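Readers should treat all values here as calculations from the given coordinates under stated rules, not as data from a laboratory. In this text, all values refer to a predicted model and were calculated from it rather than measured experimentally. Virtual Cβ from ideal backbone geometry, glycine too; neighbours counted across all protein chains shown.
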Amino acid sequence: MNRRCVLPIATALLIASLAGCNPQLADEGDGKPSAAAGSSPSAAAPSGAAGGGPSEGGLPLADAIAKIPEAVEKRDGYERDSFKHWVDEDGDGCQTRAEVLIKEATTKPEQGERCALTGGVWMSYYDKVEVTEARKLDIDHMVPLAEAWDSGAYNWTAERREAYANDLGAERSLVAVTAKTNRSKSDRDPASWLPPAEAAHCLYASDWTATKLRWQLNADDKERAALVKLAAACPDTTVQYEAAP
């Protein structure tokens, strides 16, 4: 064997052996920058960051408010009967009101004939009051029917208004609260009414915003200003929503 070839061959074998023990050596010198530890080609902007979509944890409240379409409200032609409710959409014998009461009960009521409810316990989050009789609760449309009309529902079909008024597809579109707080709220938006329990304000702002986004309802200047003020006081609050069918 030619002695001059022995050293290069031995050296090549040594380098190959070292590369097998340390994979990083094998990638060096290929002309491509190595990825940082833990990164991958699919690890682009995290969801919810610039360049990403809404995160699983939801949008920050201020960002969600900014997505609500802006428009002047229109009350002309509003009638409560334009929103048919309550209905038994799934045909199980329980109308929307009863469905919400069953879902939100902290202690489940008993269901009798025609979905008559007895017993049960509820927590009205507007005023932090515990209620033990279903008849003392109202089912509140998070965004009241009149406000929904003002904000774009005036242009909907009767079928879509019925779907809105009986929306069981989102947890916070309809909430069981004391009759007193529901009637105090009436058809007012956050610019003129907030839950009496201050601890509920951040959740209320989130629920209101989610409902507006779910149904692509507008907000006027006063409403938006009130929501922005709430967002400043609720920096850790997020909004989750799914567009209505």
Inset, instruction - Could you rank the peptides 71-83, 178-190 by their average count of other C-beta atoms within 10 Å per residue, with the highest value first? - result: 178-190, 71-83
Legend entry - Cut-off 12 Å between beta-carbons: net charge of the residues surrounding Q111, Lys and Arg +1, Asp and Glu -1: -2
Inset, instruction - Starting from the Cα of N155, step 7 Å along the direction of its Cβ; do the same at L168; then give the gap between the two resulting points in nm. - result: 3.1
Inset, instruction - Please work out the C-alpha center-to-center distance from region 222-245 to region 77-154 and express it in whole Å. - result: 23
Legend entry - Segment E198-V121, length gained on full extension (0.36 nm per residue, minus Cα span): 25.5 nm
Inset, instruction - May I ask for the net charge around A71, where only other residues with Cβ less than 15 Å from the Cβ of A71 are counted and Lys, Arg are +1 while Asp, Glu are -1? - result: -3
Legend entry - Isotropic mean projected area of the C-alpha convex hull, region 109-156 (nm²): 4.9
Inset, instruction - For the pairs K67/K128; K84/K229; K185/K229, note any where the Cα-Cα span goes beyond 27 Å. - result: K67/K128; K84/K229
Legend entry - Linear extension gain, S186 paired with E113, 0.36 nm per residue minus alpha-carbon span: 23.1 nm
Inset, instruction - Report the net charge of residues surrounding C234, where surrounding means a beta-carbon distance below 13 angstrom and charges are Lys +1, Arg +1, Asp -1, Glu -1. - result: -3
